[in-house]
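Any read-out appearing in this document is the output of simple, stated calculations on the displayed coordinates, not a laboratory observation. No experiment lies behind these values; they were computed from the predicted model shown. As a convention, Cβ positions derive from the backbone with ideal geometry for all residues, glycine included, and neighbour counts pool all protein chains shown.
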Amino acid sequence: MATTTNLYQHLLEKFSYYSTDELIQLNNDTILGQGWGSSKATFRTALISTFSKRGLDLSRIVSKEDGFTSVKHVPVRLEQNTLIPLQQ
């Protein structure tokens, strides 16, 4: 668990230096890649957290229901400060 936490904190720090367009490309490359191990899930969680910290509207890809948060595993584009799922 400590390794995952350390990785998450490391990624948050690194992602702070990326442009929003670079982060969107990383998200899309991650989604379209094969497999979903714990490291890849941590990577995506750090991406989503970075988007949120930048004030982007995540309502089209993140939903909360009955106390659970769900994040759609979709490539996205930015439109008027909102992350929009791409049609697959």
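Observations on the structure shown:
- Relative contact order %, the chain, counting alpha carbon pairs below 8 Å whose residues are six or more apart: 28
- Kirkwood Rh in Å, taken over all unlike Cα pairs in region 1-86: 13.4
- If you take all other residues with their beta carbon under 14 Å from the beta carbon of residue 52, and give Lys and Arg +1 and Asp and Glu -1, the sum is +4.
- In plain terms, the chain is cut at each of the trypsin sites (Lys or Arg not before Pro) found in a DSSP loop with at most 14 other Cβ atoms within 10 Å, and the longest leftover piece is 1-53.
- Excluding exposed DSSP-loop chymotrypsin sites (Phe, Trp or Tyr not before Pro) (at most 13 other C-beta within 10 Å), longest clean stretch of the chain: 37-88
- Taking a sphere under 14 Å around the Cβ of residue 25 and counting the other residues whose Cβ falls inside, with K and R at +1 and D and E at -1, yields a net charge of -1.
- Sequentially through region 16-28, phi angles give Karplus couplings (6.51, -1.76, 1.60; θ = phi - 60°) of 5, 8, 8, 6, 4, 4, 5, 5, 5, 5, 4, 4, 5 Hz, Gly and Pro residues having no value and appearing as x.
- Spatially proximal lysines relative to residue 64 (Cα-Cα < 21 Å; intrachain offsets below 8 disregarded): 53, 72
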